[in-house]
Structure formats: C-alpha cells, structure tokens
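The values are calculated or read from the model by the stated rules, or taken from the named source; none is laboratory data. A quick note: this is a predicted structure, and the numbers were derived from the prediction, not measured. All Cβ positions, glycine included, derive from the backbone under ideal geometry; neighbour counts span all protein chains shown.
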Amino acid sequence: MEMYAKWGSNYHHVQAGAMGSMTSPNLHQKNTSCTDPVNSCAITIDSHIAAVEKQELESYTRRCKERQLALKAKEHEVNGRPLTSTEVTEIERRIEATEFAERVKPEYITITHTSGATESVPQSSLPHSYKIIRNLLWIEHHPLYRTALAEWKERLTVIASRVERKTKRSEDRKNEIYNMIGFYSVFQGVLLTATSQSNYLHCANVGLPIVLSAFASLCTLVGLVRKFNVISGLEKTICSEEVSYKEAKKRVLQLKERGEAFRFSDFLENQKTSCTFHPKFQICGLRSWCIVPLAVFGFSVVFVLAHWLILCRPGPSQSGF
C-alpha cells in the first residue's frame, strides 16, 4: 500500500527553483563542445540530471494522484469495505499501464511514394530490432542512462558470478553427503560381517559392536545435519541472488526497449520481493534434509538389532542331520 510513498522520499533533495526553470535538453546529440572540463561539461551533466529528475518527479506525482483517486473510487464502489491486496495491486498495475501509455505518444514519419503522393506512417511500424538499436544510440549519448545501463550490466555479471560460486559449493556439499553415506554403509556392512563371522564374540560382548555402530551412526547424523544446513543456507542465498539478477535484467531490458519513455520510478527500490525456495527432492512433503537423516537413523536401529540378534539369539543348530 505504501510502496509509492517509500520511493518518493528519495527525491526530496530536488530544489523547486531548478525544477521550474530547467527544460529538457536535446539528448539526441552528444555534446562535443566541452572546452573546459571543469565547468562546461559539469554544467551539461547537471542539466541532464535535472531534466531526468523533473521527469521522474512528474511521473511519480501524477501516478500518486491517480492512485489516490482510484483507491477512493474503488472504496466507494465496494461501500467502504477495506480493499484487499489483490484489488490494490490491480489498481496500481492499471495506473502504471495508463501512465506509461501517456509517455509513449504516437509519432509519424512522412514518406513520399514514387508517384509523388505522401503518407504518414507511425513509427510503431518500424522493426523491433531497429527500435532497440535506436534506443541504445540514444542511451549512449545520455550520460545518466549510459551510466545506469553500465552499472546494471556490471551488477548482472557480479550476481551471476556469485550464483555460480555458491552453486558449485552446494554441489560439492552434496557430493560430500553421498561420500559420507557410502562410507557409513561400508563401515556398518564390515562391522556386521565381522560380528556374524567372529568366534570370539558372544552375547556377553554384544555391547562392543553396538557401541561402535551407534557411534558411527551418531557421527554420520551430525555430519549430515551440518552439511544440509550449509546447503540450505546456500540455496536460500542463491534464490535471493536470482531475484536480484532478474530485477537487474528487467531494468536493462526495459531501458533498451523503452528508451526515452523509461522511468526509474517504475522499479521501486523498497518494493518487497519474495523468494520462494523449493527443494528439488521431496517425498510425501518431506524435504531431503529431513529424509536422509531419518533414513540413517532407521538403518542405525536396524544394525543395532542385527548385532543383538546375531550374538544373543543364534539360529537353531543343525546337529539333527
């Protein structure tokens, strides 16, 4: 409900006098007349920034007013009932679409046919690939949007690198879990075989193999829980990184596609982004970090009972034959 108010606080530093006197500069031509790098170029950059801030505040203010009017109209429509989050989201989405449509005003190009007749053709008829290249050229000649595009691209590279490293660490921990379970199985198998074939172990010595088996199970369970905690933490941060990656990628694509119609206020910095983590391995609703330790615990109980049955309850003798 308050995501527009959160974003608006970032622009309170703009002076009213500068907003009233500053006009949008010609951004289609790159300024090459900066003879004084300290004064002239700085003034040009400041004019670009002031023009963008004016556009951002105008867009934000217009959107806030339309949002208030739309919310009041909707509350009157539902007889004063509090609006649900779905209804508020739908209103905000409709206002954003309307506000964006006002930025993109149809422009026409007059062409002359071979017969001498003229015709006005909308620029929307141009290929999409051409529009992207045209917007990239416009961005290249605008210092603020050029810097924003470079920053977001660098962020994409950094986030992708972090996700790759964390994914590799997660896969390494999973391989360590497989190895740990393999070593545990081999140890229990060897211990059980030694117990069944030994001539020196009897029911009075049943505590020794049981203690060894239980100690191996306990060490394995502790190691599994620790490694699964590390994997869970890594995958949650990977999920958060992927959300940030999608947001930065969305900004890059929108800037390329919209060009002059792009607004930073379309991407609210304080807007909450949810990251839903879904484990890849589930059985009956239980996650792998719960299933594997439970399975190891179950097998440990089976091994303990097997040792006791082998030493304390031997099978019937075959002397009758």
*Single condition ASN199 does not satisfy, out of (1) more than 30 Å from GLY298 (Cβ to Cβ); (2) under 31 Å from the mean Cα position of the chain (by Cα)*: (2)
*Only one of ALA148, ALA160 is assigned by TED's automatic domain parsing to the domain that holds LYS249, within 30 Å of LYS65 (Cα to Cα) and either at pLDDT 85 or above or exposed (fewer than 12 other Cβ atoms within 10 Å of the Cβ) (or both); which?*
ALA148
*asked:* Being over 30 Å from GLY182 (Cβ atoms) and in a helix (DSSP H, G or I): is that true of GLY259 here?
replied: yes
*Among the residues of segment 113-134, which ones are under 18 Å from LYS256 (Cα atoms) and among the β-branched types (Val, Ile, Thr)?*
ILE132, ILE133
*If we keep just the residues of segment 118-138 that are at pLDDT 85 or above and hydroxyl-bearing (Ser, Thr, Tyr), which is farthest from VAL252 (Cα to Cα)?*
TYR130
*Which one of the conditions (1) under 16 Å from the mean Cα position of the chain (by Cα); (2) farther than 18 Å from ARG258 by Cα does GLU171 fail to meet, given that it meets all the rest?*
(1)
_Among the residues listed as SER232, SER240, the single one being closer than 25 Å to ASN179 by Cα and within 34 Å of the chain's Cα centre (by Cα)_ = SER232
_segment 88-114 - residue that is polar (S, T, N, Q) and assigned to a helix (DSSP H, G or I) and, of those, farthest from the chain's Cα centre (by Cα)_ = THR98
*Tally time: how many residues in segment 176-206 are exposed (fewer than 14 other Cβ atoms within 10 Å of the Cβ) and either outside the structural domain of VAL304 (by TED's automatic domain parsing) or modelled with pLDDT of 85 or more (or both)?*
10
